[in-house]
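Coordinate-derived values only; no laboratory data. All values reported here derive from a predicted model rather than from experimental measurement. Here the Cβ is made from the backbone with ideal geometry for all residues, glycine too, and neighbour counts use every protein chain on show.
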Amino acid sequence: MAIVQFTKSRIAGIACTLPRQVVSTAEVAAALGADTRRIKAMTGIAQRRIAPPEMCASDLCADAASRLIVDLDWDPHSIDALVFVTQTPDYILPATACILQQRLGLPTTCACFDVNMGCSGYVYGLWIASSLVESGLNRVLLLVGDTSTRIVSDQDRSVAFLFGDSGSATALERGNAITTFVLGTDGGGAENLIIRAGQARQRMTPELCARVEMEGGNIRSPQELYMNGSEVMAFTLREVPPLFEQLLEHSGTQREQIDAVVMHQANQFLLDNLARKIGIEPSRVPSTVENCGNTSCASVAVTISSLLREQISQKTLKLAMMGFGVGWSWAGCIGDVGPIKAPPVNSLD
Amino acid sequence: MITQNQLHHDLEEMLELDADTIKGNENLDEIAWDSMTVVMFIAMADQKYSVAVSPAKLADAKTVSDLHTLISNPA
């Protein structure tokens, strides 16, 4: 079982960067002839940040990391590892983490690697980065970000309204925070959130670049994201409440002790249903869905940076964080976080 | 046991329809059934009836009556 408690590491800082460019739900709905009110009522999304074509997730993460390193007054040469969690890397190879090592001025003695995870990616990344510190490294940078808008069809109503782009940087170092992690996987759900073409299983051909009409009139190509929304909802209602219960049990935490449950920001309808299912009132389930949409793997960090920044800069918060989705994959943690460096969210042109 | 009337009332509320609009013999495409309402129905069944609806079985439902059968025999 992937259940573990760490005691020798801590989060030192979290920073996030979003593209400056905004697109509203009303604009997209108008283009698709959809009902804006209904979509906003369901998803809770009013607008999202969209990266321009030349901007990658690594650019957003590099901006966040550069600012965080300065705020922490860390010597880049004191950083022993960089973990980059993304599903939109710069290239198939090399690992984008290697490029980020040079870009951020990290030493060549630094271990750097990419992790391909989506909705559960931030908590997965925290688990990996914390493990590295617990294993003896001094300082680790965890960069988590996606430009999901690059991999969805704007003619596919099941996904066209949902995703926003973002990048985050989280700094971890030796400390004595107690953090409990629970992780899980069910590859039986792989078909429900998938990009079929473009890698080894189905190499890209000119024919596969063409968009075609699929279920429900949605138009996309095999190199763009397919999402089965009803399966996502059923999976989430099935797996996330037990994940939360396991976290409470293994950390010895009572619901009322938790300051905030920061969940993957899939959409507001799903967040509201999960809050109800896990027995936490909505005021302790922060949401950045309205202005950022579903920011994929970085959504937990974006929500902490956007909504908990002032509190967590000044005091310790008991946070539960949970990510769940593509895979199926899920991961949660409960621990004390703060005071940490948490600079304001930056917008990148 | 969830009654047909209860289901009709809950569907009317979910779909923002006037009361007593749904009689039970409607085809789902007559009540603006789409991918969004499918997701809403799964959440509603979970919340109101404590039933985990199978998305695959739900995809096969053609009528309001089929929905009642589904939530009455979810396994």
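Residues of segment A:3-17 with the amide nitrogen closer than 19 Å to a label point 7 Å from the Cα of A:Q257, along Cα-to-Cβ, please.
A:3-11
Can you pull the Kirkwood radius for chain B, inverse mean 1/r over Cα pairs, to one decimal in Å? Walk me through the numbers on the way to the answer.
Values: mean 1/r = 0.0823 Å⁻¹.
Taking every pair of different Cα atoms in chain B, averaging 1/r and inverting gives 12.1 Å.
Counting only other chains, and only Cβ atoms inside 10 Å, what mean value do you get across the residues of A:234-244?
Working: counts 11, 1, 2, 7, 2, 0, 0, 0, 0, 0, 0.
Mean partner shielding for this stretch: 2.
Quick one: Karplus J couplings for segment A:137-144, per residue in order, coefficients 6.51, -1.76, 1.60, θ = phi - 60°, nearest Hz, x for Gly and Pro?
Each residue of segment A:137-144 in turn: 6, 8, 9, 9, 9, 10, 10, 9 Hz.
Compute the distance in nm between two label points, each set 7 Å from the Cα along the Cα-to-Cβ direction, one at A:D75 and one at B:D20.
Between A:D75 and B:D20, the simple spin-label model gives 8.1 nm.
Can you give me the C-alpha center-to-center distance between segment A:304-320 and segment A:183-241, rounded to a whole angstrom?
A separation of 34 Å, based on Cα centres.
At a 10 angstrom cut-off on C-beta neighbours, averaged per residue, how do the peptides A:334-347, A:195-208, A:277-290, A:294-307 rank from highest to lowest? List each step's numbers first, then the result.
Numbers: A:334-347: 19.8, A:195-208: 11.9, A:277-290: 16.9, A:294-307: 28.4.
Per-residue Cβ counts within 10 Å, averaged per peptide and sorted highest first, yield A:294-307, A:334-347, A:277-290, A:195-208.
Would you please give the residues with an amide H less than 5 Å from that of A:I178, counting only those at least 5 places away or on a separate chain, with H modeled from the backbone geometry?
Correct list: A:D336.
Sorted by packing (mean other beta-carbon atoms within 10 Å per residue), highest first, where do A:128-137, A:260-269 land?
Values: A:128-137: 18.3, A:260-269: 24.3.
With the highest mean Cβ count within 10 Å placed first, the list reads A:260-269, A:128-137.
Between A:G325, A:G216, A:G175, where does the largest GNM mean-square fluctuation fall for chain A, given springs only between Cα atoms within less than 10 Å?
A:G216
Taking the simple approach of a point 7 Å from Cα along Cα-to-Cβ for both A:T109 and A:K8, what is their distance in nm?
1.9 nm
What's the extension gain from A:L93 to A:T316 if we count 0.36 nm per residue and subtract their Cα-Cα distance?
Details: separation 223, 0.36 × 223 = 80.28 nm, distance 3.96 nm.
Separation in residues times 0.36 nm, less the Cα-Cα distance, equals 76.3 nm.
May I ask you to derive the relative contact order of chain B, considering only C-alpha pairs under 8 Å and at least 6 residues apart, and to give it as an integer percent?
Values: 61 pairs, mean separation 25.9, N = 75.
That works out to 34 percent.
Counting only helical runs of four or more DSSP H residues, what would the 222 nm mean residue ellipticity of the protein assembly as shown come to if each run contributes -39,500 (n - 2.57) and the total is spread over all its residues?
Taking each H run of at least 4 residues, the total per residue is -10500 deg cm²/dmol.
Report, by chain and number, residues whose modeled amide H sits under 5 Å from the one on B:T63, excluding near sequence neighbours (fewer than 5 apart, same chain).
B:L28
Distance cut-off 22 Å, Cα to Cα: go down the list A:K8/A:K318; A:K277/A:K318; A:K277/B:K23; A:K277/B:K62; A:K8/A:K315 and report the pairs above it. Please report the intermediate quantities before stating the final value.
Values: A:K8/A:K318 17 Å; A:K277/A:K318 20 Å; A:K277/B:K23 31 Å; A:K277/B:K62 29 Å; A:K8/A:K315 19 Å.
Violating the 22 Å limit, Cα to Cα: A:K277/B:K23; A:K277/B:K62.
Read phi for every residue in segment B:45-50 and hand back ³J(HN,Hα) as whole Hz from Karplus 6.51 cos²θ - 1.76 cosθ + 1.60, θ = phi - 60°, with x for Gly and Pro.
Result, rounded to whole Hz: 4, 5, 6, 8, 10, 6.
Once each part is reduced to its C-alpha centroid, what is the distance from segment B:13-36 to segment A:14-81 in angstrom?
37 Å
Under a crude label model (7 Å from the Cα following the beta-carbon direction), how far is A:S135 from B:D29 in nanometres?
Inter-label distance under the simple model: 5.6 nm.
When all alpha-carbon pairs of segment A:213-343 are counted, what percent fall beyond 24 Å? Intermediate results must be reported in sequence, preceding the final value.
Working: 2674 of 8515 pairs.
Looking at segment A:213-343, the distances longer than 24 Å represent 31 percent of pairs.
Subtract the Cα-Cα distance of A:T36 and A:E191 from 0.36 nm times their separation in residues, and report this length gain in nm to one decimal. Walk me through the numbers before you get to the answer.
Details: separation 155, 0.36 × 155 = 55.80 nm, distance 2.89 nm.
So the extension gain works out to 52.9 nm.
With a 10 Å radius around each residue's Cβ, average the other Cβ atoms per peptide and rank A:68-79, A:14-25, highest first. Can you show the working numbers first?
Working: A:68-79: 16.6, A:14-25: 22.9.
Sorting A:68-79, A:14-25 by mean packing, highest first, produces A:14-25, A:68-79.
Taking chain A as a Gaussian network, Cα atoms linked when under 10 Å apart, which of A:G145, A:G252, A:G13 shows the biggest mean-square fluctuation?
Among A:G145, A:G252, A:G13, the largest mean-square fluctuation in the Gaussian network model of chain A belongs to A:G252.
Which whole DSSP H helices in chain A pass both tests: a Cα extent of 24 Å or more along the axis and a mean Kyte-Doolittle value no lower than 1.0?
none
Quick one: go through segment B:42-64 and flag any residue whose amide nitrogen is under 20 Å from the point 7 Å out along the Cα-to-Cβ line of A:E245.
B:43-54
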